[in-house]
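The values are calculated or read from the model by the stated rules, or taken from the named source; none is laboratory data. All values derive from a computational prediction rather than experimental measurement. FYI the Cβ positions are ideal-geometry reconstructions off the backbone, even for glycines, and counts take in every protein chain you see. Calculation scope for accessible area: heavy atoms of the full protein, side chains included, ligands and nucleic acids excluded. Shrake-Rupley method; radii C 1.70, N 1.55, O 1.52, S 1.80 Å.
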Amino acid sequence: MTVTSAQPITGPMVWRGEDLTRSTDWIRAITAAEVEELDGALRAVQRRGLDWRKMTRDDFPLRRFARSLAEVGRELEDGRGLVLLRRIPVERYSEDELRIIYWGLGLHLGTPRYQNPSGELIGDVRDENRLYGAVREAVPGGEARSSRNKARSAGPLRFHTDRVDVVTLLCVRPAATGGLSKVASAVAVHNAILERRPDLHALLCEPYYHSRQGEAGGELKYYAMPLFAVRDGRFTSQYSRTFVEAAQRIPEVPRMTAAQDEALDLWAEVCEELCYAMDIHPGDIQLLNNHVVYHARTTYEDDPTPGRDRFLMRLWLSMPNSRALPEGYQALWGSIEPGALRGGIAQAIGGRA
């Protein structure tokens, strides 16, 4: 496995929160002509009675918009690593129609991947604990936890990456209060820790054990992967402290040292220092390259009126222009070659996607 050198990394993917505050070039307005094209593609799918899960890219033609989406794909891989598309007029469409539109856009950017073992392809992100109540279930080590994903509660989410090249969120309805999306440049975090504490930076370039809790299939309950790594000059980071903590409950996983824990604490502090917090408005689509951008979310409160709760849709995408990944990343990604179909959550039968 190739780790990062003890040198700062440069390029457009290195940014701080104030850089996004001063600039709007990462925000791309969806034009009226592109909305018209989306609407036409939607109506064509409806006339044919196609289920969105059965759609192909050709079933949802976007001749003009496709050029803009290709630029978005390049910015995600070779630029800052984040784009905000503003905005789809979500108030025009039913929930079913939005799924067709969102899926069609995703097909023009990459290949959707499964987000959980039950085969979810479009995730509904809302406070399921409030709507349905939390169900307790066993986890490795014998403890109990809520079976509801933390992303689907109103509580805060720590900085992390998802297990796919690009994660996208379509805001259908925001929260009544709170629910800010926080993003941080993983490369800027890497550079700051290298400058501040090279001893802890070196630890973050070594493997940390992560649990595979909640996944179907596979022989191992865990995998080991560093937070910072590079292959062919391209940086990547993959990390969720929740899964690191869960791995520590697995008897055969080595215990973390105090220094390793300190390195994770510093990483979290630097993410907060360098991040940008944003409101995502109805119709906005946030797109993040998980290799170079960390994301988190603040606590929120819903409007208790039925149909007024915070509601986002989520797609995970494997990208055709993705970077090569370091040797050893196959355990999580399936393939490490550039442009390979990879990532997502393994299914009990039939592999990944």
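Please go through segment 45-56 and pick out each residue that is farther than 15 Å from residue 121 by Cβ and open to solvent by 100 Å² or more (accessible area, probe 1.4 Å).
47, 48
Output yes when any residue across segment 36-44 is under 29 Å from residue 271 (Cα atoms), out of contact with any Cys (no Cβ under 6 Å at 6 or more places or on another chain), modelled with pLDDT of 95 or more and surrounded by fewer than 16 Cβ atoms within 10 Å (Cβ to Cβ), and no when none is.
no
Residue by residue through segment 57-78, note down the ones that are farther than 17 Å from residue 24 by Cα and among the small types (Gly, Ala, Ser).
Hits for segment 57-78 are 66, 70, 73.
Is there any pair with a first residue in segment 276-289 that is more than 12 Å from residue 83 (Cα to Cα) and a second that is among the aromatic types (Phe, Trp, Tyr) and part of a loop (DSSP other than H, G, I, E, B) whose Cβ atoms are under 9 Å apart and which are 6 or more apart or on different chains, and what are they?
Sorted first by the residue in segment 276-289, then by its partner, the pairs are 276/15.
Here is a check on your reading of the model: is residue 323 within 14 Å of the chain's Cα centre (by Cα), on the phi < 0 side of the Ramachandran plot and basic (Lys, Arg)?
It is false that residue 323 is within 14 Å of the chain's Cα centre (by Cα), on the phi < 0 side of the Ramachandran plot and basic (Lys, Arg).
Could you grab me the full set of residues in segment 181-203 that are of a type in the set (A, V, I, L, M) and farther than 13 Å from residue 294 by Cβ?
Listed by number, the residues that qualify are 194, 200, 202, 203.
Give the residue, chosen from 63, 80, that is open to solvent by 20 Å² or more (accessible area, probe 1.4 Å), more than 21 Å from residue 120 (Cα to Cα) and at pLDDT 95 or above.
Checking each option against the conditions leaves just 80.
Residue 276 fails exactly one of the following numbered conditions: (1) among the hydroxyl-bearing types (Ser, Thr, Tyr); (2) modelled with pLDDT of 95 or more; (3) surrounded by fewer than 18 Cβ atoms within 10 Å (Cβ to Cβ). What is the number of that condition?
The one condition residue 276 does not meet is (3).
When only residues in segment 282-326 that are surrounded by fewer than 17 Cβ atoms within 10 Å (Cβ to Cβ) and among the charged types (D, E, K, R) count, which is farthest from residue 93 (Cα to Cα)?
This residue is 301.
Here is a check on your reading of the model: is residue 6 over 22 Å from the mean Cα position of the chain (by Cα), aliphatic (A, V, I, L, M) and part of a helix (DSSP H, G or I)? Lay out the reasoning, then the answer.
Working: over 22 Å from the mean Cα position of the chain (by Cα): yes; aliphatic (A, V, I, L, M): yes; part of a helix (DSSP H, G or I): no.
Spelling it out, it is not the case that residue 6 is over 22 Å from the mean Cα position of the chain (by Cα), aliphatic (A, V, I, L, M) and part of a helix (DSSP H, G or I).
As an exercise: evaluate residue 277 against (1) in contact with a strand residue (DSSP E or B) (Cβ under 6 Å, 6 or more places away or on another chain); (2) within 15 Å of residue 237 (Cα to Cα); (3) among the small types (Gly, Ala, Ser) and give the number of the one condition it does not meet.
Unmet condition: (2).
I'd like to know if segment 259-267 contains one or more residues that are in a strand (DSSP E or B), surrounded by 17 or more Cβ atoms within 10 Å (Cβ to Cβ) and among the hydrophobic types (A, V, I, L, M, F, W, C). Talk me through it step by step, then tell me what you get.
If we filter segment 259-267 for residues that are in a strand (DSSP E or B), which is where we start, we get none.
No, because not a single residue in segment 259-267 is in a strand (DSSP E or B), surrounded by 17 or more Cβ atoms within 10 Å (Cβ to Cβ) and among the hydrophobic types (A, V, I, L, M, F, W, C).
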